[in-house]
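The values are calculated or read from the model by the stated rules, or taken from the named source; none is laboratory data. As the structure is a computational prediction, the values presented were derived from the model and not from experiment. Because the Cβ atoms are built from the backbone with ideal geometry, glycine has one as well, and the counts that use them run over all protein chains shown.
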Amino acid sequence: MSLANENKELKRLLEESQALGEDIKKIEAIDMADARWRVERKIHANHRHALMNRMLRYAGIFALPLVVATITLFYIHFFPKETPIRYAEVTAAPGSIIRYELPDKSVVWLNAGSKLRYPTTFSGEHREVDLQGEGYFEVTADKKHPFYVNTPNGLQVYVYGTKFNVSAYDDDKSVETVLEKGCVNVITPGNNYQYKITPGECLSYDKKTHAVSVAGIDVYEMTAWKDRKLVFRDTPLETVLKRLSHHFNVEIMLRNHAHC
């Protein structure tokens with residue numbers, strides 16, 4: 001090997017030694033404690049993150065029943081299940097009069113050939129019954145829940161607690177409401193106009209003309225039927241025959257009406 005080549009080889013070795021020395025200095029300059037702290041912190045952070053994920057997962061599992069229960073209670077409170085309304089019906093046979101007590105302790109007498117339909121429980125804001133024929137009512141007082149009597153032609157009678165009579169036979173020309181005690185409100189069909197009558201008055205609604213008239217009358221004459229009595233005092237013959245027809249369930253024909 002020539003001297004020139006030996007010099008080149010020597011130079012290369014010196015440069016490599018110098019580079020190795022610089023690497024050793026860099027390694028020595030590393031703060032081992034700081035590096036260890038960084039590594040441990042990263043390990044702890046990963047551990048906390050994993051622990052937090054597990055805690056959230058478990059919390060979700062345990063909280064689910066509580067959320068479901070809360071939603072269920074909310075739904076039940078604000079959206080209660082509606083119970084179907086059940087109705088009952090009571091009918092007075094021809095020639096008979098019956099006394100019947102309603103769920104609210106109100107009492108009704110049904111005249112012969114009359115029918116009453118009512119809910120087995122008064123659970124709403126109103127107490128409502130449907131009358132076909134004639135009924136005398138003694139309504140239990142309840143200012144928060146008015147009592148309605150609906151007739152087939154749409155006329156309504158509502159009270160809060162009183163004694164009154166409603167006659168609404170299908171074959172009658174008019175619907176009549178007689179007040180014995182308290183206060184009665186009558187709502188006529190079509191215009192929904194409201195009338196108020198006082199004790200001793202009778203409101204008559206003509207089904208054909210829709211005319212309304214209010215007059216003072218003999219209350220006992222109009223309500224004595226519930227005591228199984230028929231009372232007539234200067235009563236028009238046509239009215240007498242009609243009431244007899246209802247009571248005995250017979251058809252009474254009047255001839256030579258003009259001569260009576």
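For the range 97-145, the candidate set comprises residues that are touching a helix residue (DSSP H, G or I) at 6+ places or on another chain (Cβ under 9 Å) and among the aromatic types (Phe, Trp, Tyr); within that set, the residue that is farthest from residue 180 (Cα to Cα) is 109. Meeting the requirement of 1 or more residues that are touching a Pro at 6+ places or on another chain (Cβ under 6 Å) and not small (Gly, Ala, Ser), the strands (runs of 3 or more DSSP E) wholly within the range 115-221 are 127-138, 156-159, 174-181.
With respect to residue 213, determine if the residue is small (Gly, Ala, Ser) and surrounded by 17 or more Cβ atoms within 10 Å (Cβ to Cβ). Considered against the rule, which asks whether it is small (Gly, Ala, Ser) and surrounded by 17 or more Cβ atoms within 10 Å (Cβ to Cβ), residue 213 comes out as no.
Look at (1) of a type in the set (Phe, Trp, Tyr); (2) farther than 15 Å from residue 99 by Cα; (3) modelled with pLDDT of 95 or more and you find that residue 164 fails only one, number (2).
Going by the structure shown, is residue 227 surrounded by fewer than 19 Cβ atoms within 10 Å (Cβ to Cβ) and in contact (Cβ under 8 Å) with a residue 12 or more places away in the chain? No. Only one entry in 219, 178 is under 20 Å from residue 128 (Cα atoms), assigned by TED's automatic domain parsing to the domain that holds residue 241 and touching a residue at least 40 places away in the same chain (Cβ under 8 Å), namely 178.
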